[in-house]
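Here the structure comes first, spelled out in structure tokens, and everything after it is commentary.
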Amino acid sequence: CFRATYKSFENIEMPLVPVLSRVERNGVKIDPAVLHKHSEEITLRLAELEKKAHDIAGEAFNLSSTKQLQTILFEKQGIKPLKKTPGGAPSTSEEVLEELALDYPLPKVILEYRGLAKLKSTYTDKLPLMINPKTGRVHTSYHQAVTATGRLSSTDPNLQNIPVRNEEGRRIRQAFIAPEDYLIVSADYSQIELRIMAHLSRDKGLLTAFAEGKDIHRATAAEVFGLPLDSVTGEQRRSAKAINFGLIYGMSAFGLSRQLNIPRKEAQKYMDLYFERYPGVLEYMERTRAQAKEQGYVETLEGRRLYLPDIKSSNAARRAL
């Protein structure tokens, strides 16, 4: 155990220390004017959403008040609560609102309002205040030993969590600029999680797809939907991408149905087809779960262990954590 852990410490963690030190010291250059303009636009959009929410509700209320939102949604609009808080009140969590937004207009407006309000308070308003007056840059702190899984984390500010999945979030990234005579370069491993899964599971289908240089998401779509590779549509590829990444992280049929906005039965059918085409993946996942339950931990290729003290708990919620 110690030898494997030390290998990870010596080969991965220690060589990274001077690299992160340099990254932190250099910091990142930010254009505050871009953030200020974006903040003003978000303020206008928030006012529009607030008015829209009031019109739908038929009365004015504080969109940031959980108690008032509970009253509007579950008492005055008569929507059936999906979950309760530990205190017994109807939940208005993001997860609950996302599900309600499939059938009701107000939760959808509230979700957009919350998202924009968070962008404004966390990024467009706050980042300019964090610029170091001596360097003219923002200096985050990176942590190697905070997360249980071994992933890096970033604080003050969290520069690993700048939104990218919507237009407003992408515009925040435009404020990160390179100094004169320099460029910002974006690099990413291609489908790295799936490549690791192919290596660990030794599934013949996945290994063949990567060995032949295929687009793995298109190849999965062809397998799941029973189509020739060149007949796969963009929408089918996007669905296959959600399946590929979702299932290797343990996503359920319910989670997949929500992500693809399809009935749960259809999502379960996709999952069954996926594991039928890639049986090695399912076998690896089942084998890993069994080993985790027996040993009380899981292990990376480099020997880093993640201990799971609740893996044998009779409480399903604690096991899931």
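Read-outs throughout are calculated quantities, based only on the coordinates presented, and are distinct from any laboratory measurement. All values reported here derive from a predicted model rather than from experimental measurement. Counting neighbours? That spans all protein chains shown, and the Cβs are built from the backbone with ideal geometry, glycine included.
A few notes on this one:
- Loop-resident sites, the stretch 223-277, for chymotrypsin sites (Phe, Trp or Tyr not before Pro), counting at most 14 other Cβ within 10 Å (DSSP): TYR249
- When ILE12, ILE243 are sorted by how many other C-beta atoms sit within 10 angstrom of their C-beta, beginning with the fewest, the order is ILE12, ILE243.
- Projected-area mean, the stretch 12-88, by convex hull of Cα positions, square nanometres: 10.3
- Here the Karplus relation 6.51 cos²θ - 1.76 cosθ + 1.60, evaluated at θ = phi - 60°, turns the backbone of the stretch 260-269 into coupling constants of 8, 6, 10, x, 4, 4, 5, 5, 5, 4 Hz, with x for every Gly and Pro.
- Projected area, mean over directions - the stretch 1-187, Cα convex hull, nm²: 15.2
- Calculated over the stretch 111-207: convex hull of Cα atoms, volume per residue (Å³): 178
- The calculated 222 nm mean residue ellipticity attributable to helices in the chain amounts to -16000 deg cm²/dmol, summing -39500 (n - 2.57) over DSSP H runs of n ≥ 4 and dividing by all residues.
- Against the empirical 2.2 N^0.38 Å (N residues), the stretch 192-320 has a Cα radius of gyration ratio of 1.13.
- Cross-link reach is defined here as a Cα-Cα straight distance under 20 Å, omitting same-chain residues fewer than 8 places apart; for LYS118 the lysines meeting it are LYS37, LYS51, LYS52, LYS67, LYS108, LYS126.
- For the options PRO133, PRO32, PRO157, a Gaussian network treatment of the chain with springs between C-alpha atoms closer than 10 Å singles out PRO133 as fluctuating the most.
- Partners for LYS265 among aspartates and glutamates (Cα-Cα distance below 18 Å; same-chain residues under 8 apart left out): GLU99, GLU276
- Comparing mean-square fluctuations of VAL146, VAL138, VAL224 from a GNM of the chain with C-alpha springs under 10 Å, the top value falls on VAL146.
- For the stretch 233-288 versus the stretch 124-165, the gap between their alpha-carbon centres in whole angstrom: 33
- Low-density loop cleavage sites - GluC sites (Glu not before Pro) in the stretch 29-93, where at most 14 other Cβ are within 10 Å (DSSP): GLU59
- Full-stretch length increase - ASP310, ILE12 - with 0.36 nm per residue and alpha-carbon distance subtracted: 104.5 nm
- Selected from GLU180, GLU276, GLU168 as most flexible by GNM, with the chain as the system and alpha-carbon contacts under 10 Å: GLU180
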